[in-house]
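Q: Sharing a structure with you now.
The values are calculated or read from the model by the stated rules, or taken from the named source; none is laboratory data. The structure presented is a predicted model; accordingly, all values stated were derived computationally and were not measured. All Cβ positions, even for glycine, are placed from backbone atoms using ideal geometry, and neighbour counts span all protein chains on display. With ligands, DNA and RNA removed, areas are computed over all heavy atoms of the protein, side chains included. Shrake-Rupley method; radii C 1.70, N 1.55, O 1.52, S 1.80 Å.
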Amino acid sequence: MKTPSHDSATILLVDDEEAVQKLLTYPLEHEGFRVLQARDGEEALRRFAGEHVDLVVLDLMLPKLDGLEVCRRLRAQSAVPIIMLTARDDELDKVVGLELGADDYITKPFSIREFRSRVRALLRRASLSATDGGRDLVSVDGLALDLAKRTVELDGRRVDLTYVEFELLRTLAAKAGRVYSRQALLQSLWGDYAYREPRTIDVHVRHLREKLGDSELIQTVRGVGYRFRG
């Protein structure tokens, strides 16, 4: 697996506004990232198919194919980290994006500092995952996580997870029975939670429960956090 770094990571930036493309491309390239640009949903899918991409920054409102449809199609073929951009501070938009497999979201307008923090956090986590020197296999309660291959099986059945879903499940399963607060999980996944809504974790947990087919594997503890059944 390729390990993304500041001098090698490629970011696909999908937004139909020229001003946004210029505003976000400059700080990314300044930090050493390679930036691919796309201005509509169809172009985004073409560029993704033709290049190795380490992270996608995806606007919600796009011509031809909107961001939600692009996200859905990307998730059908890849676990690449996806950050969604939305100009509407609408909880439904955020939830739908997360349900379709986005790993994070930012509501416009946002600061460049916040944007760079989100990008670095997801790439850093992907880098740590690719070079993890710990156990290659986590097995608990019929669940098997292959950390090197980033695959998951439940009772012998393959379960396809997004990047963040895999990281969340690995964190919970590695210490079955331990209770994690939402803030602790945000910290584990992204390295900080200053810009993130703690309830984001609830969406990812709900998605995991649906995919695992057994809501009891991941338990809510007194409404304050989660644990993997141990």
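Q: If you check every pair at least six apart or on different chains, which have Cβ atoms under 8 Å apart with a residue in segment 165-186 that is hydroxyl-bearing (Ser, Thr, Tyr) first and a residue that is part of a helix (DSSP H, G or I) second?
A: From residues that are hydroxyl-bearing (Ser, Thr, Tyr), the pairs are Thr171/Leu185; Thr171/Ser188; Thr171/Leu189; Tyr180/Thr171; Tyr180/Leu172; Tyr180/Ser188.
Q: I'd like the full set of residues that are in a helix (DSSP H, G or I), touching a Leu at 6+ places or on another chain (Cβ under 7 Å) and open to solvent by 40 Å² or more (accessible area, probe 1.4 Å), limited to segment 19-67.
A: Glu42, Arg47
Q: Right, something else. For segment 148-176, how many residues meet the condition of being open to solvent by 20 Å² or more (accessible area, probe 1.4 Å), within 24 Å of Val56 (Cβ to Cβ) and assigned to a loop (DSSP other than H, G, I, E, B)?
A: Final tally of qualifying residues: 5.
Q: Residues of segment 178-190 being modelled with pLDDT under 85 and open to solvent by less than 40 Å² (accessible area, probe 1.4 Å), which ones?
A: Leu186, Ser188, Leu189, Trp190
Q: Taking the stated definitions as given, is Ile82 at pLDDT below 95, closer than 26 Å to Ser188 by Cα, surrounded by fewer than 21 Cβ atoms within 10 Å (Cβ to Cβ) and not aromatic (Phe, Trp, Tyr)?
A: No, not satisfied.
Q: In addition: Is one or more of the residues making up segment 130-144 of a type in the set (Asp, Glu), over 14 Å from the mean Cα position of the chain (by Cα), surrounded by 14 or more Cβ atoms within 10 Å (Cβ to Cβ) and at pLDDT 75 or above?
A: Scanning segment 130-144 turns up at least one residue that is of a type in the set (Asp, Glu), over 14 Å from the mean Cα position of the chain (by Cα), surrounded by 14 or more Cβ atoms within 10 Å (Cβ to Cβ) and at pLDDT 75 or above.
Q: Return a yes/no flag: does segment 90-97 have any residue that is at pLDDT below 90, within 28 Å of Arg206 (Cα to Cα), buried (at least 22 other Cβ atoms within 10 Å of the Cβ) and under 12 Å from the mean Cα position of the chain (by Cα).
A: Yes, segment 90-97 contains a residue that is at pLDDT below 90, within 28 Å of Arg206 (Cα to Cα), buried (at least 22 other Cβ atoms within 10 Å of the Cβ) and under 12 Å from the mean Cα position of the chain (by Cα).
Q: Counting only residues that are under 17 Å from Asp15 (Cβ atoms) and part of a helix (DSSP H, G or I), how many does segment 94-116 have?
A: Number satisfying all stated conditions: 5.
Q: Same structure, new question: When both residues are 6+ apart or on different chains and their Cβ atoms are under 8 Å apart, which pairs have a first residue that lies in segment 207-230 and is without any contact (Cβ under 8 Å) to a residue 40 or more places away in the chain, and a second that is of a type in the set (Lys, Arg)?
A: Sorted first by the residue in segment 207-230, then by its partner, the pairs are Ser215/Arg209; Glu216/Arg229; Gln219/Arg227; Gln219/Arg229.
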